[in-house]
Amino acid sequence: MELILDTIETVIKPGLGPEILHFKDDQEAILQSQRGNRQAFGFLVKKYMQRAYYTALGLVGSHDSAVDLSQEAFIRAFRSIKKFQAGKNFFTWYYRILRNLCFNHLRDRARHARPFSEIREEELESITDSDGATGAVIERNETQRLVWEALESLKEQEREIIILKDMQDLSYKEIAEVFDCPVGTVMSRLFTARQALKAKLERLYS
């Protein structure tokens, strides 16, 4: 995660040290960012960079691409911060930028994205017997691998809404803002997506 912060600092904080000031909440940091305080935006990057990375990873399935795309989204957000409307949720606003970048990436370079199952298989291969709990670790990793494999096989919209609600814990209202649709539509889409995921998992486990 530090790679994301270090890279963005070269863009948003030229000539400044690595110290990032702390602010009482996002709104204060955003207001200061809009007034030209670069360290205030650095505070937002540090707060959300891990969440941004894992969201991008969930959408594109590639570690390197997730790092690059989340970095680029933060840079674009910094350049557009004056357009941010007071009172809105920062991550929801940022996610729209990240989402567009991720989907453009999938359209342009879908064949080069590594599947989640491949990432999980590497984790399994690295397990040793040193702690005497190899069986439990393998079982846990195998479960994770199957979940990611099932997620990867879903439609883009199904995978996205599950990532936002069940992994990133966005509220129905925040997701509705992302998709520009009523909360009821979000709930309906999420139900359909969860049913699709359940069906995929049942096939994988059978």
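Which members of segment 62-94 meet the condition of being assigned to a loop (DSSP other than H, G, I, E, B) and either closer than 20 Å to Leu170 by Cα or of a type in the set (A, V, I, L, M) (or both)? Within segment 62-94, Phe84, Gln85, Ala86, Gly87, Lys88, Asn89 meet the criteria. Residues that are more than 12 Å from Leu101 (Cβ to Cβ) and surrounded by 15 or more Cβ atoms within 10 Å (Cβ to Cβ) within segment 68-83 comprise Phe78, Ile81, listed in sequence order. Restricting Arg111, Arg145, Arg203 to those that are in contact with a helix residue (DSSP H, G or I) (Cβ under 6 Å, 6 or more places away or on another chain) and at pLDDT below 90 reduces the list to Arg145. Scanning segment 160-179 for residues that are within 20 Å of Leu106 (Cβ to Cβ) and acidic (Asp, Glu) returns a single hit, Glu160. For segment 51-61, filtering for residues that are over 16 Å from Ala77 (Cβ atoms) and either in a helix (DSSP H, G or I) or basic (Lys, Arg) (or both) leaves 5. The one condition from (1) more than 12 Å from the chain's Cα centre (by Cα); (2) surrounded by fewer than 21 Cβ atoms within 10 Å (Cβ to Cβ); (3) modelled with pLDDT of 90 or more; (4) closer than 18 Å to Trp93 by Cβ that Asp64 does not meet is (4). Of the residues examined, Arg194 is not one that is more than 20 Å from Asn100 (Cα to Cα), part of a helix (DSSP H, G or I) and modelled with pLDDT under 90. Looking only at segment 35-45, which residues are within 24 Å of the chain's Cα centre (by Cα) and either at pLDDT below 60 or more than 16 Å from Ala66 (Cα to Cα) (or both)? Selection gives Arg38, Gln39, Ala40, Phe41, Gly42, Phe43, Leu44.
Report, by residue number, each residue of segment 155-193 that is under 15 Å from Val60 (Cα atoms) and surrounded by 17 or more Cβ atoms within 10 Å (Cβ to Cβ). Within segment 155-193, Glu158, Arg159, Glu160, Ile161, Ile162, Ile163, Leu164 qualify.
Evaluate segment 18-27: report whether one residue or more is modelled with pLDDT of 90 or more, touching an Asp or Glu at 6+ places or on another chain (Cβ under 9 Å) and assigned to a helix (DSSP H, G or I). For segment 18-27, residues modelled with pLDDT of 90 or more, touching an Asp or Glu at 6+ places or on another chain (Cβ under 9 Å) and assigned to a helix (DSSP H, G or I): absent.
The values are calculated or read from the model by the stated rules, or taken from the named source; none is laboratory data. Please read these numbers as outputs of a predicted model, since none were measured by experiment. Using ideal geometry, Cβ is built from the backbone for each residue, glycine included, and neighbour counts are taken over all protein chains shown.
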